[in-house]
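Below is one structure, written out as structure tokens; comments come after it.
What follows is calculated from the coordinates using simple rules that are stated; it is not laboratory data. As the structure is a prediction and not an experimental result, all values here were calculated from the model. Neighbour counts are summed over all protein chains in view; Cβ atoms, including those assigned to glycine, are modelled from backbone coordinates with ideal geometry.
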Amino acid sequence: MLFRKKLQNIIQPIVVLIIVQLTWLSLAALWIYFYISNHIVIKKVGNGVSPTLMPGSYHVLVLIFGCVLLVLLQVGFYFIYIYLNRQINVNRVQDQFITSITHELKSPLASIQLYLETLESRQVPEKKLHEFIQLMIKDTNRLQLMIDRILGTITIDQKRLAFDFKVYNMKSLIPLILKEVLTKYTGHITNNVSLENSPSCRCVLDKNAFKIIFINLVDNAIKYAGNKFSLKIQCRCFEKYYQIEFIDQGMGIPAKERKRVFRKFYRVYGYKIPDVRGTGLGLYISREVIRYHGGKIKVVKTGNNQGTVIRIEIPIYKKAKKRHTNRLLRHTIKRKKRSERAE
């Protein structure tokens, strides 16, 4: 059903464009046929026709000018088609986002409400009470993550980023961030996350913003894990950049979707992809935050049931993008001074 709807959304604009193009081409063909046929007739009976009726250079210029106008119309229709097609895609994606986020918000709220009504209406054993509380905390964290992603997207789109950049030693920072992220998950998840190597490199970044990236990537790895969850994080220090790779053994991402997954609201659909609810904002926010840091994020390896490798590269302090990293530090200092004066 979903594939049929997507196919219909693609075919309809194409059919409209083809009809418009055929109309204009038919008009052009009739115009050229009329001109050539008249030219042939006049040429055959040229001696018997008044010179004022003979086609001259003026008529040729009119034909050329008309053809130019026709070409311009074709180009204009092409750009109109591209624009309308993009608007259709944006509207479709936004509709999918609204439907998805509505379900995402309703589901944990209904769960929390059910647990609270159960606790209010009956006497629950202590063991069961502890289980209910843990489940409600899990649903609350899920709601908080969605709200943070939506607010984060609004902040990014409105260019109201308020980062607190500092120079960190990645050897100590990465294990600290990972530890803070994993506190929200149970032992089964934490036992299947491993950090391999954390070399000593200094980078300019915002700790809390980087933590959001880890939350998004760990959350995606869990959602698309399939039957067994496993996540390996590898860190390397090169001459000019620090590299972090998130390697999972999940469902993978089709090769044609590697760049698209970082678009806002974009989600991968397919019969081999599990029906996982989400906002389609996690990777978009991660990409924008990484870009602001002067780094890159991309999918370097993936495939159906072959897992996914997402690579992050951050410039090393005083070795790469010196102007950019220094500007980030100056921006933080200025913002703090303005905040202190305001107080």
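Between the beta carbons of Ser200 and Tyr78, assuming R0 = 51 Å, the FRET efficiency works out to 0.40 to the nearest 0.05.
Each label was represented as a point 7 Å from its Cα along the Cα-to-Cβ direction; for His331 and Arg258 these points are 2.9 nm apart. The modelled label-to-label distance between Leu114 and Glu180, using points 7 Å beyond Cα along the C-beta direction, is 3.4 nm. With neighbours defined as other Cβ atoms within 10 Å of a residue's Cβ, the residues Ile80, Ile222 order from fewest to most as Ile80, Ile222.
On a full-extension model of 0.36 nm per residue, what is the gain between Lys211 and Arg291, subtracting their alpha-carbon distance, rounded to one decimal in nm?
27.3 nm
For Val300, Val124, what's the fewest-to-most ordering of other Cβ within 10 Å of each Cβ? Spell out each step's value before the answer.
Values: Val300 11, Val124 15.
Ascending number of Cβ neighbours within 10 Å: Val300, Val124.
Rounded to 0.05, the FRET efficiency of the Lys298 and Cys67 pair, given R0 = 41 Å and the Cβ-Cβ distance, is 0.35.
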